[in-house]
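The block underneath contains the structure these notes are about, expressed in structure tokens.
The values are calculated or read from the model by the stated rules, or taken from the named source; none is laboratory data. Computed from a predicted model, the values in this text were never measured in an experiment. Cβ placement follows ideal geometry from the backbone for every residue including glycine, while neighbour counts extend to all protein chains displayed. Calculation scope for accessible area: heavy atoms of the full protein, side chains included, ligands and nucleic acids excluded. Shrake-Rupley method; radii C 1.70, N 1.55, O 1.52, S 1.80 Å.
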Amino acid sequence: MPGTNNNGENNGTIRFLLDDRVHEVANVAPATTVLNYLRDVLQRTGTKEGCAEGDCGACTVVVADLDGQRVRFRSVNSCIQFLPTLDGKALYTVESLKKLGKNGLHPVQQAMVDCHGSQCGFCTPGFVMSLFALYRNNAGPIRAEIDDALSGNLCRCTGYRPIISAAGRMYEYGPDLLDGQKLARQLEDIQPDVSLELSERDNSHLQAAGRPGDEARGKFHAPETLSELADLLMRHPDATILAGGTDVGLWVTKEYRELPAIIYLGRVGELDYIDETEERLEVGAATSLTDAFAALEKHYPELYEIMRRFASPPIRNAATLCGNIANGSPIGDTMPALISLGADLVLRRGGRTRRLPLDEFYLDYRKTALQPSEFVQAVRIPLLQGNGGHFRSYKIAKRYDQDISSVCGAYWVQLEADAVADARICYGGMAAVPQRAGLCEAALRGRPWNETTVETAIEALSGDYQPLTDMRASAAYRRRVAGNLLKRFYLETTGAEAANIWEYPGSE
């Protein structure tokens, strides 16, 4: 097999499909981004660099891999994806599409032309690739699904109306020339059967471009089993654990960090799973946010707002739920909801595992309870429906799509005879960590679920948090919003007039 030596060990060659052919890369810095490789080495300059942090969408590409027997197509931000993560997959850039159209243009591209969806053209390749992913995955999207597919792309001149029109018309041009069965066979042929390991080599051909990110050289380990992963972390306790790269990628592109050792979770099949029982949902550490959210939404449709507004599809396709948890950001949008639901973590170090409630995981700003060489193996979320409980989670930000929260609140109460038997309330953006509102919860327990009790609980919030003033919001604004969200939760769970306040958009 190409990329292996006589001993069956990988010699550091990355192999992926590009334009229907196997593309091999050796002697590459492990933290080289897909974007930099495309532009600087392959001269594929259709993929643009805008923000270099996964926000603007100009760098969007589509990655295909095998999900069981079917091929899965997903848009990702190439600016923060490391090149080695493409090993064993297929990559599509805007240049790839001309070979998939019957008349030199893919149906997506033809629709963009006919609907006048491009002016200066800088943002157009990213829009085209997001629409290509939608084209492959959804044969009849509704408007909300089109909007969501494009939420990770910022238009600079044309406006969204003609682009949305193109999304609706692209199916009128017939099927493209992509042979899904052939692609599946090709992906099966290049599936690596040994662990990929890259070491620091001579990378002058990449450094010549003068990009700081390309200088972040070191070792890249891609174990295939859970035990191999645990063993690697015991031997390399200071290694950077890489899942989706949506945070780690910024360390390279924005902070210019060098990463001496990277351990990638993406090939550990034992960590890419969702296990469901009657009592709980368990999500493995390598499971993408897209897949985790789909499973959660079945049981908690109230999470639709958070899931829909969490970053964008290219980010959710790459990022993982456990990665968002392990990141430890005080404004991570999934943690308040999971904490209010009573989630706990499965942590592993070597051959031993332990369980820890999520609300005990965060110790201080960006500091967690993880021990050296320990990692998050899975998160377990209780399924609380049908026990008299009410649950909601809300996000307040300056933009509806793809914005960092000013305040994120999550609320769960269990009622018995119109009184609060139990409550778990958690906020993000109000403290150095996602934190439960202990005084507020105490003000609710054992009291009637009415407006007087809620007003008392809102007053108690002032003792739970001392928020900061920053560019997203003032401390006073955060306090006011935190109380208002609790009031909103109360209104949505009581009274006939509240029935129309929250409506699940998925019913469209």
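Numbers for the structure displayed
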quantity	calculated
Members of region 78-114 found to be touching a residue at least 40 places away in the same chain (Cβ under 8 Å), charged (D, E, K, R) and open to solvent by 30 Å² or more (accessible area, probe 1.4 Å), listed by number	K89, E95, K99, K102, D114
Matching residues in region 258-280 - criterion: being among the β-branched types (V, I, T) and open to solvent by 60 Å² or more (accessible area, probe 1.4 Å)	I274
Pair list, Cβ < 9 Å and 6+ apart or interchain, from region 39-58 residues that are more than 24 Å from A311 (Cβ to Cβ) and in contact (Cβ under 8 Å) with a residue 12 or more places away in the chain to residues that are part of a loop (DSSP other than H, G, I, E, B) and of a type in the set (D, E, K, R)	D40/R211
Residue under evaluation L341, criteria (1) of a type in the set (A, V, I, L, M, F, W, C); (2) surrounded by fewer than 23 Cβ atoms within 10 Å (Cβ to Cβ); (3) touching a Pro at 6+ places or on another chain (Cβ under 7 Å), criterion not met	(2)
Test: residue in region 213-227 that is buried (at least 22 other Cβ atoms within 10 Å of the Cβ) and within 25 Å of L358 (Cα to Cα)	no
Residue list for region 368-412, filter: touching a residue at least 60 places away in the same chain (Cβ under 8 Å), open to solvent by 40 Å² or more (accessible area, probe 1.4 Å) and among the basic types (K, R)	R380, K398
Single residue of region 223-248 satisfying the filter (of a type in the set (G, A, S), closer than 16 Å to R267 by Cα and in a loop (DSSP other than H, G, I, E, B)) that is nearest to the chain's Cα centre (by Cα)	G244
Spans of helices (runs of 4 or more DSSP H) in region 259-338 with at least 2 residues farther than 22 Å from I396 by Cα	289-299, 313-318, 321-327
Members of region 474-486 found to be open to solvent by 50 Å² or more (accessible area, probe 1.4 Å) and not small (G, A, S), listed by number	Y477, R479, R480, N484
Residue list for region 419-464, restricted to those being part of a loop (DSSP other than H, G, I, E, B) and either touching a Phe, Trp or Tyr at 6+ places or on another chain (Cβ under 7 Å) or aliphatic (A, V, I, L, M) (or both)	M430, A431, A432, V433, P434, A437
Elements of type strands (runs of 3 or more DSSP E) in region 367-416, at least 2 residues being out of contact with any Lys or Arg (no Cβ under 6 Å at 6 or more places or on another chain) and hydroxyl-bearing (S, T, Y)	389-396
Count of region 135-156 residues which are over 13 Å from M170 (Cα atoms), touching a helix residue (DSSP H, G or I) at 6+ places or on another chain (Cβ under 8 Å) and in a loop (DSSP other than H, G, I, E, B)	5
Whichever residue in region 413-456 is of a type in the set (V, I, T) and open to solvent by 50 Å² or more (accessible area, probe 1.4 Å) and, among such residues, is nearest to the chain's Cα centre (by Cα)	T456
Which numbered condition P357 misses (of (1) closer than 25 Å to V433 by Cα; (2) surrounded by fewer than 23 Cβ atoms within 10 Å (Cβ to Cβ); (3) in contact (Cβ under 8 Å) with a residue 60 or more places away in the chain; (4) not hydroxyl-bearing (S, T, Y))	(3)
Count - residues of region 68-77 that are open to solvent by 30 Å² or more (accessible area, probe 1.4 Å), outside any loop (DSSP other than H, G, I, E, B) and under 15 Å from R185 (Cβ atoms)	1
G126 vs. criteria surrounded by 20 or more Cβ atoms within 10 Å (Cβ to Cβ) and assigned to a loop (DSSP other than H, G, I, E, B)	no
